[in-house]
Amino acid sequence: MRTAFSPLGFVVLTSGLALAASGAFADTTSSPPNSPTGVWLTTDYPAVTEQVGKSFTMDLSLENHGMPPERVQLSLDGVPEGWHYEFEGGGNPVKAAMVGPGDTRSLTLKMTPASGAAAKTYALTLVGEADNQKLSVPISVTLAPPAPASLKLDAKLPALRGSASSNFDYDLTVKNDSPSDVTVNLAAQTPPGFDATFKEQYGSQELTSVPIKANESKDLKLSVKPPQDVPAGKYKVEVGTSTGKVQAETALLLDITGQPKLALEGPSGMLSGSAVAGKEHSFTFTVNNTGGAPARDVKLTADAPSGWKIDFSPAKIDQIAPGGKAEAQMRITPASNAIAGDYSVDVDSNGQGASDNLKFRVTVETSTEWGLAGLGIIGIAVLVMAGAVTRYGRR
């Protein structure tokens with residue numbers, strides 16, 4: 001048995017199978033002149049640190065330089081009680097490996113410490129046995145205490161922009177960086193009037209908490225709905241997650257562009273008025289913008305009974321500022337033959353992205369001229385009747 005060095009410069013702790021090759025065999029090898037010959041069992045990192053309670057792996061390499069094909073039996077010496085290990089090659093558990101001249105076999109050592117293993121350094125030895133030869137590689141495994149439990153909270157897009165009627169949906173990822181399963185409580189602090197709801201990433205169920213397994217993540221969605229009359233501006237939402245022992249926070253931003261909202265009012269706030277059949281009458285209507293953005297190109301129209309005339313001055317209002325108002329005159333002329341009574345007129349205001357309407361009741365009265373004419377006709381009829389009675393009554 002002998003120890004060979006690695007020409008690559010990384011740590012190699014091996015015993016080579018330095019068998020004396022025959023002259024005929026030496027003629028068939030492809031090893032460069034003066035290169036070492038033998039079989040090496042190596043690992044790039046013979047001293048590792050792992051967390052208590054976790055399984056881990058170590059990459060190994062079995063190399064043959066200028067030797068006949070060798071079958072190498074693999075084992076691990078110095079394994080503490082309760083530990084488990086196995087070798088893997090080609091993705092399958094193996095107990096031995098065959099390596100030919102000039103070949104390299106990649107292997108993996110998988111180790112699972114005992115559940116109650118102490119946090120300290122353990123000395124082990126990788127062993128490879130061939131025909132009357134033995135390879136050995138000392139390794140050390142240091143088990144460190146587990147990292148403190150922690151939570152991580154990340155937002156894919158922490159700032160969104162839209163109008164007051166938009167739904168602001170944020171994709172969140174909560175990670176449980178701890179060796180234990182936890183239940184994470186969810187909370188969101190919003191400006192007054194805003195509504196916030198947590199849901200699963202691809203579900204509709206509302207959540208107030210969510211279970212997350214050790215060292216795993218959970219994708220969530222937070223939907224924030226602002227009030228319709230919120231002014232344009234930037235608003236912050238504070239999102240928090242907590243297990244009772246650890247917590248994580250992140251800040252989200254809503255950039256609200258604002259939206260107009262129209263409110264139509266009748267004369268002096270009334271929804272009724274009176275007019276005379278065949279006569280024009282004016283009513284003053286007020287258009288209020290209670291939204292958070294200017295109301296533009298507001299058109300006023302009305303739907304009246306057949307035969308009526310109706311128009312507005314102005315018929316279109318170019319712009320109403322947020323919180324502002326504008327007035328328009330509705331000129332209405334009931335049909336000249338309209339019967340006295342109550343009639344309904346639908347009044348509409350329509351702008352870019354906003355509208356409102358109301359029903360205005362018009363009480364129609366007949367003209368006094370027709371009343372006087374009627375009285376005149378009645379008077380004439382009475383006189384005619386009286387004359388006839390006087391003339392023919394004497395006979």
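Values in this text are rule-based calculations from the coordinates and carry no lab data. Just so we're clear, the structure is a prediction, and the values are computed from it rather than from any experiment. Cβ sites come from the backbone with ideal geometry, for glycine too, and all protein chains shown count toward neighbours.
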Selection over region 211-225 where residues are closer than 18 Å to GLN189 by Cα and among the aliphatic types (A, V, I, L, M) yields a count of 3
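Among the candidates LEU157, LEU151, which residue alone is part of a strand (DSSP E or B) and aliphatic (A, V, I, L, M)? Can you show your working first?
On the way: LEU157 fails: part of a strand (DSSP E or B).
Of LEU157, LEU151, the one residue that is part of a strand (DSSP E or B) and aliphatic (A, V, I, L, M) is LEU151.
Which ones in region 290-309 are surrounded by fewer than 20 Cβ atoms within 10 Å (Cβ to Cβ) and outside any strand (DSSP E or B)?
To start, the set of residues in region 290-309 that are surrounded by fewer than 20 Cβ atoms within 10 Å (Cβ to Cβ) comprises 290, 294, 296-297, 299, 301-303, 305-309.
THR290, PRO294, PRO305, SER306, GLY307, TRP308, listed by residue number.
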Picked from region 217-263 (must be of a type in the set (A, V, I, L, M) and in a loop (DSSP other than H, G, I, E, B)), the residue farthest from GLY193 (Cα to Cα) is VAL246
Flagged pairs (Cβ under 6 angstrom, 6 or more apart or on separate chains; first in region 350-361, closer than 7 Å to LEU262 by Cβ; second assigned to a loop (DSSP other than H, G, I, E, B)) are ALA354/PRO260; ALA354/LYS261
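Counting only residues that are closer than 19 Å to SER140 by Cβ and acidic (Asp, Glu), give me the strands (runs of 3 or more DSSP E) lying completely in region 41-122 with at least 1 of them.
Ranges flagged: 47-51, 56-65, 70-77.
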Which residues, taken from region 152-173, are of a type in the set (Ser, Thr, Tyr) and under 24 Å from GLY291 (Cβ atoms)? SER163, SER165, SER166
Could you check region 53-78 and list, in sequence order, the residues that are of a type in the set (A, V, I, L, M) and loosely packed, with under 15 Cβ neighbours inside 10 Å? none
